[in-house]
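What follows is a short report on a single structure.
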Amino acid sequence: MGKLLIILFSPGTQSQNIETVYKLVRIAVETGHGVTVFCDADATCSLLAKQTLRSEKAVADKIAYLIEHGVQVLACRESARLRGIDTKKDVVRGVVESSLGGLAELMEQHDRIAAFGSSGK
C-alpha cells in the first residue's frame, strides 16, 4: 500500500484540523497504508503528554492511540524548542524528534502529502 505524510501546523485548540487529521490517519492505517505525521509550529504543543485542558488532553490521547497503531509521529525539534518543549521528556511516549531537513527527506519517501494548518488569523 501507499505511504501518506501528514504535515500538521495547527495547535490542539483548532480541533477541526486535529479531528480531520485523526480520522484521516485512522482510515489510512485501517486500510493498510503507512502514515507519518510531522508536527511543526504550534502543532508541537499538541504533543505534550501532560495537558491541563480537557480538549488538549483529548488530543494527546489521540496522538497516543495513533502511535500505538503504528503511525510514526514526529515533532520538529526547533518548533518545540521555541515553545519550551523538551522532546525527550515532555511529549507523548513514542513521539520522535525530527527537523525540517528530515521533513524534506520524508517528502521524497512518501507517495502522498497533505498539510493542515492555519495562518493564525
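Coordinate-derived values only; no laboratory data. Every value quoted in this text rests on a predicted model; they were computed, and no experiment measured them. When we count neighbours, we look across all protein chains shown, and the Cβ atoms used for this are built from the backbone with ideal geometry, even at glycine.
Couple of notes before you dig in:
- Helices (runs of 4 or more DSSP H) lying entirely in segment 1-107 (those with 2 or more residues that are of a type in the set (S, T, N, Q)): 15-30
- The lone exception for Ser98 - which of (1) over 20 Å from Thr20 (Cα atoms); (2) surrounded by 19 or more Cβ atoms within 10 Å (Cβ to Cβ); (3) of a type in the set (S, T, N, Q); (4) without any contact (Cβ under 8 Å) to a residue 60 or more places away in the chain it fails: (4)
- Pairs linking a residue in segment 9-24 that is closer than 20 Å to His69 by Cα and in contact (Cβ under 8 Å) with a residue 12 or more places away in the chain to a residue that is part of a helix (DSSP H, G or I) and among the polar types (S, T, N, Q), with Cβ atoms under 7 Å and 6 or more positions apart or on different chains, are Ile18/Ser46.
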